[in-house]
Amino acid sequence: MTIGWPPQWNPLPARGFARVLSKVALVGCALSVSVHLVTLLGFHSKAFFNFVMDLFLGIFPMSLPALFATQRLQSELTARKPFWMFDPRFSSKVRKMTPANAPEWLRRLFSALLYYFLVFFVVFTYRTFPNKATELDEVQMFSIGAGVFYSAIAALLTSYAGTDHPLTLDEI
């Protein structure tokens with residue numbers, strides 16, 4: 001905590017802790033994607049449903065450090081709050097800047113899982129709209145959704161752990 005007004009608090013100072021949490025998020029992503037692939041092959045049981053729900057609930061405690069890391073990564077830009085901050089082009093640069101220090105493969109993994117999730121959501125909606133969704137459909141939907149969230153959390157925390165100073169717009 002620094003002295004001054006308003007008081008400032010660094011909610012996620014430990015970069016080593018962020019590295020550990022990013023590895024936990026990658027394990028969660030791998031487990032979610034593997035359950036999704038297994039259910040696509042047709043294997044299903046109640047244990048898969050319970051496991052995926054536990055993985056999905058595990059997103060929420062993992063999202064708090066990712067939120068703090070995002071806030072810290074964007075602290076340089078949000079401290080000044082210029083009038084052009086509400087420009088849509090500025091917000092797209094901020095979205096690109098936040099995971100900029102994550103490895104390329106991790107950013108591509110997140111993008112690929114996100115696009116797959118969007119396509120799968122359309123297929124899921126088309127298949128289950130007139131009828132009720134089966135438990136297998138729910139497991140597939142929740143598992144790929146959890147994989148997307150875990151990969152995003154891993155990218156944000158890895159980017160934070162690799163940052164020595166907050167990035168500015170000219171460094172992108």
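The values are calculated or read from the model by the stated rules, or taken from the named source; none is laboratory data. In this text the structure is predicted, and so the values were computed from the model without any measurement. When we count neighbours, we look across all protein chains shown, and the Cβ atoms used for this are built from the backbone with ideal geometry, even at glycine. Ligands, DNA and RNA are stripped out before the accessible areas are found, and what is left, the full protein with its side chains, is counted by its heavy atoms. Shrake-Rupley method; radii C 1.70, N 1.55, O 1.52, S 1.80 Å.
Laid out as a table, the results:
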quantity	calculated
Matching helices (runs of 4 or more DSSP H) fully within the range 14-90 where at least 1 residues are at pLDDT below 80	15-40, 59-73, 75-80
Where SER111 falls short, out of the listed (1) in contact with a Cys (Cβ under 9 Å, 6 or more places away or on another chain); (2) farther than 16 Å from ASN50 by Cα	(1)
Total residues in the range 105-134, condition touching a residue at least 12 places away in the same chain (Cβ under 8 Å) and either open to solvent by 60 Å² or more (accessible area, probe 1.4 Å) or closer than 22 Å to SER22 by Cα (or both)	9
Some residue of the range 124-135 being of a type outside the set (Asp, Glu) and within 14 Å of VAL35 (Cβ to Cβ)	no
Residues being surrounded by fewer than 18 Cβ atoms within 10 Å (Cβ to Cβ) and either within 14 Å of CYS29 (Cα to Cα) or modelled with pLDDT of 85 or more (or both) - total across the range 135-170	4
Cβ-Cβ under 7 Å pairs, at least 6 apart or on other chains, the range 28-40 side more than 9 Å from ILE144 (Cβ to Cβ), far side not in a helix (DSSP H, G or I)	GLY28/GLY58
